Amino acid sequence: MQGSTADTETMMNVAGTTAVDHHADHPDFRIFGLIMFLIAESMIFLGLFAAYLTFRAVSTLPEDQMPELELLLPGINTMILISSSFIIHQAEDSIKENDIKGVQKWFGISALLGIIFLGGQVFEYSNLDFGLTDNIFASTFYLLTGFHGLHVLVGVLTILAVLWRSREEGHYSEESKFGIEAAELYWHFVDVVWIILFILLYLL
Amino acid sequence: MTQTVQENLPGSSPPPAHGHHKPTTWKTYFTFCEDHKVIGIQYLVTSFIFYLIGGALAVGVRAELATPQVDVVSRELYNQLFTVHATVMIFLWIVPAGTGAFGNYLLPLMIGARDMAFPKLNAVAFWMIPPAGILLIGSFLVEAPASGWTSYPPLSLVSGQFGEMCWILSLLILGTSSILGAINFSTTILKMRRPGLQLTQMPLFCWAMLAASALMLISTPVLAGAMILLSFDLIVGTNFFNPAGGGEPVVYQHMFWFYSHPAVYIMILPVFGMISDILPVHARKPIFGYKAIAYSSLAISFLGLIVWAHHMFTSGTPPWLRMFFMVATMIIAVPTGIKVFSWVATIWGGKLRLNSAMLFSMGFVSMFVVGGLSGVMVASVPFDIHVHDTYFIVAHLHYVLFGGSVFGLYAGIYHWYPKMTGRMMSELWGKIHFVLTFIGFNLCFMPMHWLGLQGMPRRVAEYDPQFATVNLICSIGSFILAISTIPFVVNAVWCWVKGEKAPSNPWNAISLEWQTESPPIPTNWEGDPPLITDPYAYGLKPGRKAIGAIRGSDLWAAKP
Ligand code: HEM
Ligand SMILES: [Cu+2]
């Protein structure tokens, strides 16, 4: 071996063990991880949105075959989802005061609003006069709203899971609130995606 | 006591069920184990087995191409062979080996953490790989996918629904695994470093993994989106990509390449990082241009996201757009060139230790340069219009993927094998492996440049008889390549059991992963890991000029 050991040792630059900070617990990186995951999630939606916009730009489908969409019901649905985002945010204040009852109240309302949203969407689907495979815009409509609906469903289930766990005394507290924060963050994400989706599909 | 220290460091979650208490035996590797070292080796061995399978498929392809006629396999089977070959090599060998195997094994050891940020997620990500691979390869029993690893519609909509769905499902699983991996890598690098270790003090492999993880997070989901749309076209009968029903096949190409161009950097960036860490150790010199290499990884990562349509110069892309993608693509050669020159400057005048790891590293640099140069050639629109879909592309991609990624992965295995197994590999067999690989590789792929320039199209089972001799040479090269894996496998397996015991730091390396036992104990270090702020401080004697302070003119004037 050509490199001399002495060489290596003098150059090692090994600082003495510096004071390691003495937190009892190492920090919790799960929210950070969730944010990474949401970056990936937004890229799926971004990809699908870009595909949709490209279809819009290049498709030669005659104007009169474009799917007709009602605005009233989805408009109400949008309002519901946006307000649920504000409501679920209240839980954040509640948990800061260790008020589990408050968390349960706000999470309960949010889950209910999410379910109403899903119900509204199913109702809308059943009243549309075009089907999944009619043409490319019918397909993109169902695919985008359906894929988003799936995310709403996951969001509702997460909220319900947090509610279920919160029955146990002391499961969540001011210090240990990952589940609450995660469900809230995910719900905001689902909400923001919907707003973009609504603008793209219904308004543009 | 170890226990108290453990609690103070990032990554010291309560000891997981496996690994930390039970000693690691061969059985541990078949369990859902959360130890990053076990997972790293699981990735490495699994992906290498897939490499052997992918290699066998390639031998099938080359056997068919040894003569101009369709003789060894049918046209249909030929299509399935090259489709599954490419998919296995990319998604089941290079991506999991570069990121999953080395990323998991090395990152915590290099940054002084006890484990990855999310050990359980890590194990989940690994265990998604075997079923996805079995699904893809098992499809041969019924009907394998046959529309190429790119799976362009409308071809993929008519080439067999069953095989195509196997391909899509397999890719969706592998993509998810890759995203979960990237979440773990990025969080670990950004959050789990030993207190006091700054980003700019990390080994360059960590920077490369950070850049690769960003690409995995940003681009893989778009591929998943394309897969979802494609499977609707296949099964439900929508027409997103089917021109017959008013769909747009080119949109698929955009979505596919928005992932698959970055994917080539997902496959090469970790290897860039490994080479940057191997060369200084065996050249006994500091790395040349640490920051340039680190930041050029980030630059490649960013630029890699905005060049995808260079794969679509002949897909009706409008001229102004082709111009943009041509220029952007050529710009990538700049950060890539920065790395190559830094590597050359690192070994320049070093006391080279010509062992297997070093031979493969230097093989990597030289072969990758050939692929990089042909890359710049095909980046130029007028040239690419002539060679697109010819064997020139096959030559280019194998020089970067085989000459690049695979040579680099071999270098990494030879270099870190003592750390992983606690045993040394046989240098003699390593050198035989290198020589056979180097000769076989060049014999197989160098002539393909010529074939492509002469107009031989890719992805066909039969060809014009004028190309017969050169194709035979390529096939002979591929058989040598197949044989070359034998000394490696024998060496790796034999030495794992019977090899000479490795000391903790056989190469006298400085970086942190060598400052612990071989193989490391489950908690990686007894007590605190040392703080190493300059992992490349080789051979710097007091009074001598630091390599970072040297100018180009000094370099040329210096006597080696
Ligand atoms: C200097 C850097 C590079 C440049 C300028 C470059 C450019 C290109 C271009 C323009 C093409 C499309 C040619 C065509 O299909 O007509 C291509 C194909 C390809 N490149 Fe590169 N490339 C570079 C580096 C790499 C690297 C590092 C890898 C992988 C590690 C890679 C893997 C591939 C693959 C797999 C294909 C073929 C894709 C297919 O059609 O199946 N390239 N390259
Ligand atoms: Cu590319």
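FYI, it's all coordinate maths here, none of it is from the lab. Remember, predicted model here, so these are calculated numbers, not experimental data. For neighbour counting, all protein chains shown are included, and Cβ atoms are generated from backbone atoms with ideal geometry for every residue, glycine included.
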log₁₀ of I(q)/I(0) at q = 0.22, 0.27 Å⁻¹ - segment A:71-125, Debye sum with one point per alpha carbon: -0.74, -0.94
Least to most buried among B:Arg114, B:Arg458 (fewest other Cβ within 10 Å first): B:Arg458, B:Arg114
Neighbouring partner chain Cβ atoms per residue of B:118-125, average, 10 Å criterion: 1
With 20 Å bins from 0: P(r) over the protein assembly as shown, alpha-carbon pairs, percent: 15, 47, 32, 6, 0
Dimensionless Rg/Rh of segment B:33-541 - Kirkwood Rh, Rg from C-alpha atoms: 0.96
Kyte-Doolittle at least 1.6, axis length at least 27 Å by Cα - qualifying DSSP helices, chain B: B:204-231, B:356-379
Dipole magnitude (debye, nearest 20) for the protein assembly as shown, charges at Cβ of Lys, Arg, Asp, Glu: 2940 debye
Fewest-first sequence of B:Thr220, A:Thr158 by Cβ atoms within 10 Å of each Cβ: A:Thr158, B:Thr220
For the protein assembly as shown, with +1 on Lys and Arg beta carbons and -1 on Asp and Glu, the positive-most of B:Met255, B:Leu199, A:Leu153 along the dipole: B:Leu199
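Could you pull out every whole DSSP H run in chain A that spans at least 24 Å of Cα extent along its own axis and averages 1.0 or higher on the Kyte-Doolittle scale?
Membrane-span-like by this rule: A:30-58, A:136-166, A:178-198.
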For A:Phe55, net neighbour charge (Lys/Arg +1, Asp/Glu -1) across residues whose Cβ lies under 15 Å away: -3
Farthest toward positive dipole pole in segment B:33-541 [+1 Lys/Arg, -1 Asp/Glu at C-beta], among B:Gly527, B:Ile439, B:Ala468: B:Gly527
Zone residues, segment A:86-129, relative to A:Ile195, backbone N less than 11 Å from point 7 Å out along Cα-to-Cβ: A:86
Charged-residue dipole, Cβ positions (Lys, Arg, Asp, Glu), segment B:267-402 about Cα centre, Debye nearest 20: 580 debye
Volume per residue that the Cα convex hull of segment A:30-203 spans, once the total is divided by residue count, Å³: 103 Å³
Cut-off under 5 Å, modelled amide H: who pairs with B:Thr390 long-range: B:Arg458
Simple label model, 7 Å out from Cα along Cβ direction - A:Lys96 to B:Ser366, nm: 6.5 nm
B:Leu531 long-range amide H proximity, modeled H, under 5 Å: A:Ala15
Ascending count of other beta-carbon atoms within 10 Å, so fewest first, for A:Asp191, B:Asp71: B:Asp71, A:Asp191
Cβ-defined net charge surrounding B:Thr200, 14 Å radius [Lys, Arg +1; Asp, Glu -1]: +1
For segment B:33-541, with +1 on Lys and Arg beta carbons and -1 on Asp and Glu, the positive-most of B:Phe324, B:Phe48, B:Trp343 along the dipole: B:Trp343
Long-range HN-HN contacts of B:Arg423 with modeled amide H, under 5 Å: B:Ala502
10 Å Cβ shell holding at most 14 others, DSSP loop, GluC sites (Glu not before Pro): longest site-free stretch of chain A: A:98-167
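Give me a single rounded figure for A:28-41: the average over its residues of other chain Cβ atoms within 10 Å of their Cβ.
Across the residues of A:28-41, the mean count of other-chain Cβ atoms within 10 Å is 6.
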Charged-residue dipole, Cβ positions (Lys, Arg, Asp, Glu), segment A:56-133 about Cα centre, Debye nearest 20: 380 debye
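Can you give me the orientation-averaged projected area of the convex hull built on the Cα atoms of segment B:430-510, in nm²? Don't skip to the answer; put the middle values down first.
Details: hull surface 32.6 nm².
With every direction weighted equally, the projected area is 8.2 nm².
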Local electrostatic count, A:Leu197, Cβ distance below 15 Å [Lys/Arg +1, Asp/Glu -1]: -2
Cβ crowding within 10 Å averaged over residues, with B:60-70, B:436-446, B:263-273 ranked highest first: B:263-273, B:436-446, B:60-70
Segment B:133-240 - Kirkwood radius from inverse mean 1/r over Cα pairs (Å): 15.9 Å
Greater than 29 Å apart at Cα, pairs in B:Lys291/B:Lys419; B:Lys120/B:Lys339; B:Lys120/B:Lys431; B:Lys37/B:Lys351; B:Lys285/B:Lys419; A:Lys177/B:Lys120: B:Lys120/B:Lys339; B:Lys120/B:Lys431; B:Lys37/B:Lys351
Per-residue mean of C-beta atoms belonging to partner chains within 10 Å, peptide B:220-227: 6
Ranked by how many other beta carbons lie within 10 Å on average, peptides B:384-390, A:132-138, B:168-174 from highest: B:168-174, A:132-138, B:384-390
